[in-house]
Structures are given as C-alpha cells and as structure tokens.
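Working notes, beginning with the structure itself.
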Amino acid sequence: MPEPDKTPIRLLAPAEVIALYRAMRPDYAPPVLLGAAPGLRQGETLGLAVDRIDFAEGMLTVDQQVVVIDRSPTLASPKTRASVRDVPMPAVLADALAEHIDRHKPEDVLFRTTRGNLIRRDYFNADILKPAIFSAGVPVDMTFHDLRHTFASTALAEGVPISEVSRWLGHESITTTVDLYGHLVPEASERGSYGAEQRLRHGARTHVMCPRCAL
C-alpha cells in the first residue's frame, strides 16, 4: 500500500503572525505568540499557568494541558514524557504575558472564559481564533497548529540544531521532527543565531510597532 500523504505544513510570515495577534480579542491574544514563539501546542497554551513562567530566566515550563473529559475541560499531564519540558521565552512574548498578568491577575491558568472556566479548544477555535483569522486577512484555513509549524521552521532557518528544536517541541523522537521539518534545515553556511525574536519584532514594526501596542 502507498504511504498516505503527509499533512501539509502551512508556514506564516512574521507579519501574518502579528496581524493575527492584532486581530485577536485582547484577553486571548497572547496564545498566538505562545504558538509562534516557543511552539506550544494548543492544549499546552490553554493550560499554561502563572507559576510556570520564569521571567528572570526567560523560560516557560510546559507540564500540563487542557483536555476534554466527559465534555468538560480539565487540566491533565501532557501527552508524553517528552512533552514535559522547558522552552525559551523571547522577550516579545514575555512582554505580552507580563501585561496580560498585570491586567487580569490570574491566580493559576492564564486564560479562562468570562465565567472563569478552562477554555475548550473547540470554543477557542470557533469563537475566538476563527473571527480573528478572517479579520487579519491570513489564510482562512489556517489552524492554531500552523503557529507551531511556523516556530519550528523559523528556528531551523536561523540555525538552531534540529535536536534542540525537537526537544523544545516536545517530540518523543527526533525522527518525528526530521520527518516533519528536515527539509527546512538550511546548509551550514546559511546558519545564524536563533531569530524568532527578531523576526516577530520586525513584523511588529511593519504592522503595529510592537504587539503590546495592539492591545
């Protein structure tokens, strides 16, 4: 039997990430950067808590996610042991999270519904993300996972070793990372320092000067 076609990988330009960030409802804008900057999965993003953010070290600890059990959103451990990890937090993301925390004073999980409940992914996608996608003018069929693809491609394009990208993504095996993104690894002569911060800031200057200004 022939192998099934791989899921297409959609990559967003920095300007598109910032446009989407701008178009989000302010209370729920930082998840866009959490997907595009450190490559968190959607459930991990919705489960991120205040005490998992180390502003001094510029790191995030990923050790829980939001899942739906009996139709109710619940905090649970990540899907695999490799998914429990620390990931770097670019300054543009740190600024957005700090402002969100200062504004909303969350006691644990950063993002909740107006009733204080954990956020279901289907609700987030239909009621929060999809309207912003239409408003931002980005591809209408994009998904939250495309932000994660964008993070991986940006890191590899800037010369981060694929083994490190694999660890940040929380892949159980580097083979998964190579299968998905191996074709994006540049030649050694083209490698430079990790540029997610610079690329996002460039996109921000092009569109809104900085993400914080969009809130």
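The figures follow:
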item: Top-ranked residue in segment 28-62 [being out of contact with any helix residue (DSSP H, G or I) (no Cβ under 7 Å at 6 or more places or on another chain) and open to solvent by 10 Å² or more (accessible area, probe 1.4 Å); ranked as nearest to residue 160 (Cα to Cα)]; result: 59
item: Matching entry among 185, 160, 165 (being closer than 15 Å to residue 11 by Cβ, surrounded by 15 or more Cβ atoms within 10 Å (Cβ to Cβ) and modelled with pLDDT of 90 or more); result: 165
item: Total residues in segment 20-46, condition more than 13 Å from residue 130 (Cα to Cα) and assigned to a helix (DSSP H, G or I); result: 14
item: Test for residue 180: is it of a type in the set (A, V, I, L, M, F, W, C), touching a Ser or Thr at 6+ places or on another chain (Cβ under 8 Å), open to solvent by 30 Å² or more (accessible area, probe 1.4 Å) and at pLDDT below 95; result: no
item: Which numbered condition residue 112 fails, given (1) open to solvent by 60 Å² or more (accessible area, probe 1.4 Å); (2) more than 18 Å from the chain's Cα centre (by Cα); result: (2)
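The values are calculated or read from the model by the stated rules, or taken from the named source; none is laboratory data. Keep in mind it's a predicted model, so treat the numbers as computed, not measured. All Cβ positions, glycine included, derive from the backbone under ideal geometry; neighbour counts span all protein chains shown. Surface accessibility is based on the protein's heavy atoms, side chains included, excluding ligands, DNA and RNA. Shrake-Rupley method; radii C 1.70, N 1.55, O 1.52, S 1.80 Å.
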